[in-house]
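Colleague: Here it is, the structure in full.
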Amino acid sequence: MKALTRPVPSGALRKQELQLPSGTVVTEYVGSNDLVYAVTWHGPTLPNLQLILGNYFANLKAAAQQPAVRRRLVRVNSPDIVIESSGKMRAFAGRAWVPTMLPSGVTAADIQ
């Protein structure tokens, strides 16, 4: 993915931001083992979610085929991955995390 990468000072959480040419910002949450355990995105276009989510993309794809209730929110909630994605043209946002990889003291509320 072509993007400008920069670390983000955030206290106890290690994060790095990817600024995509489209203006969308992807934030990666990195554990002490240098593995990414969560990502967020927001901006005018959806990032390449297949690239960002890797093997977990199939979970999102299956959930997206379910009927939408309101404002096209797609949610996957499984023991392996939690994914929330919503938006409309020029205003997309989402987040995803692997519950078993969350560092001690980090909760889903910390992934913004």
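Colleague: Can you report the number of residues in segment 84-109 which are in a loop (DSSP other than H, G, I, E, B) and not basic (Lys, Arg)?
Modeller: Filtering segment 84-109 for residues in a loop (DSSP other than H, G, I, E, B) gives 89-90, 98, 102-107.
After this cut, where a residue has to be not basic (Lys, Arg) as well, the list is 89, 98, 102-107.
Number of matching residues: 8.
Colleague: For segment 19-37, which positions are part of a strand (DSSP E or B) and either surrounded by fewer than 14 Cβ atoms within 10 Å (Cβ to Cβ) or without any contact (Cβ under 8 Å) to a residue 24 or more places away in the chain (or both)?
Modeller: Here is the first cut: in segment 19-37, the ones part of a strand (DSSP E or B) are 19, 25-30, 36-37.
Within segment 19-37, GLN19, VAL25, THR27, GLU28, VAL30, VAL36 qualify.
Colleague: Taking the residues in segment 76-103 that are closer than 24 Å to GLU17 by Cβ and loosely packed, with under 14 Cβ neighbours inside 10 Å as candidates, determine which candidate is nearest to the chain's Cα centre (by Cα).
Modeller: Let us first name the residues in segment 76-103 that are closer than 24 Å to GLU17 by Cβ, namely 76, 81-99, 101-103.
Still in the list and also loosely packed, with under 14 Cβ neighbours inside 10 Å: 88-91.
Numbers: LYS88: 17, MET89: 18, ARG90: 17, ALA91: 15 Å.
This residue is ALA91.
Colleague: Residue check, THR45 against (1) assigned to a strand (DSSP E or B); (2) among the hydroxyl-bearing types (Ser, Thr, Tyr); (3) more than 20 Å from LEU13 (Cα to Cα), all met but one. Which one?
Modeller: Unmet condition: (1).
Colleague: Just a yes or no: is a residue in segment 60-75 crowded, with 19+ Cβ neighbours inside 10 Å, at pLDDT below 90, under 15 Å from the mean Cα position of the chain (by Cα) and not β-branched (Val, Ile, Thr)?
Modeller: yes
The values are calculated or read from the model by the stated rules, or taken from the named source; none is laboratory data. Only a predicted model underlies this, so the values are computations on that prediction, with no experimental measurement involved. In this analysis, Cβ positions are derived from the backbone assuming ideal geometry, glycine residues included, and neighbour counts consider all displayed protein chains.
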